[in-house]
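Have a look at the structure below before the remarks.
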Amino acid sequence: MPKFPKIKKIRLSSNFRERKGQVKFIVFHCSSVQSSDELFDTLEGLGLSTHYVIDQEGEIMMCVEPSKVAYHAGKSKWRDSIGESLNEESIGIECIVPNLGQNKEDYSYKMFLAINSLLDMLRVQYKIRKENIVGHSDIAPDRKADPGIGFPWYRMYRSDNVLWYRTKQIVKDKSEEEMLNIIGYDTSDMMLARCAFCRHFMPEEFEEVQDIQYLLDNPYPEYFKPKDFDEYMHVLSAVCYAYEHEGRKKYWFMG
């Protein structure tokens, strides 16, 4: 059995509503502020909220009970999500990191342990599948670049909490759009879907942006195209294989 975290700090937001649907997704965000309290105050003033905030020391603060709807996703889409936002069906987790998460070093080891521990708890409690654990940039690539190219997706995969890929296991005879759709991306704008995929699975395609405000205002490079399109298509087919294969699995906590 996984070891679940102790939530020692609670500051409850006034920005929430009752949840009518089922929780299906977990969305990771990051913010370059000094503390959880600063982020809480900022979100509160903007009429926004998140369920949890994790700081560099690995302290987890709860701001909205996960049974309630928090306002963290905005206009967004992933897989079979309903409506124009994932808010109704998701739990939001904010990480306090410098540099908007552009370096692996931005995510401390203590934070990484807290992320995994919180995921262990939420995945069991709400029966959330690995395919539905995403970053804000996955679900809203036209607006968001967080949790950043430094987010520890691969390390979390090694902890058995998210999906990754093996380069020798690929799907065949599927188009780029079909594969992106199978993974979960909204392909109404293929350039944005391609960009979001690379942020998550091929972060080496992006260079670090020194001006954080510029990155916030310009979350995706104009006319984005992978440096090696053949390599991109190979990785895409490998990720697609992983998501298709995972979709057939049943877990003990899924009922």
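In the range 153-179, the residue that is farthest from residue 29 (Cα to Cα) out of those that are aromatic (Phe, Trp, Tyr) and crowded, with 17+ Cβ neighbours inside 10 Å is 165. One residue stands out in the range 81-131 among those that are without any contact (Cβ under 8 Å) to a residue 24 or more places away in the chain and not in a helix (DSSP H, G or I): the one that is nearest to residue 156 (Cα to Cα), namely 85. Against the list (1) surrounded by fewer than 23 Cβ atoms within 10 Å (Cβ to Cβ); (2) closer than 15 Å to residue 122 by Cβ, the condition residue 80 fails is (2).
Residue 223 satisfies every condition listed in (1) closer than 18 Å to residue 103 by Cβ; (2) among the aromatic types (Phe, Trp, Tyr); (3) loosely packed, with under 12 Cβ neighbours inside 10 Å except (1). Selection of the range 129-148 for residues being in contact with a helix residue (DSSP H, G or I) (Cβ under 6 Å, 6 or more places away or on another chain) and hydrophobic (A, V, I, L, M, F, W, C) yields only 145. Has the range 230-238 got any residue that is closer than 21 Å to residue 137 by Cβ, modelled with pLDDT of 95 or more and loosely packed, with under 14 Cβ neighbours inside 10 Å? Scanning the range 230-238, I find at least one residue that is closer than 21 Å to residue 137 by Cβ, modelled with pLDDT of 95 or more and loosely packed, with under 14 Cβ neighbours inside 10 Å, so the answer is yes.
The values are calculated or read from the model by the stated rules, or taken from the named source; none is laboratory data. A quick note: this is a predicted structure, and the numbers were derived from the prediction, not measured. Cβ: placed from backbone, ideal geometry, glycine included. Neighbour counts: every protein chain shown.
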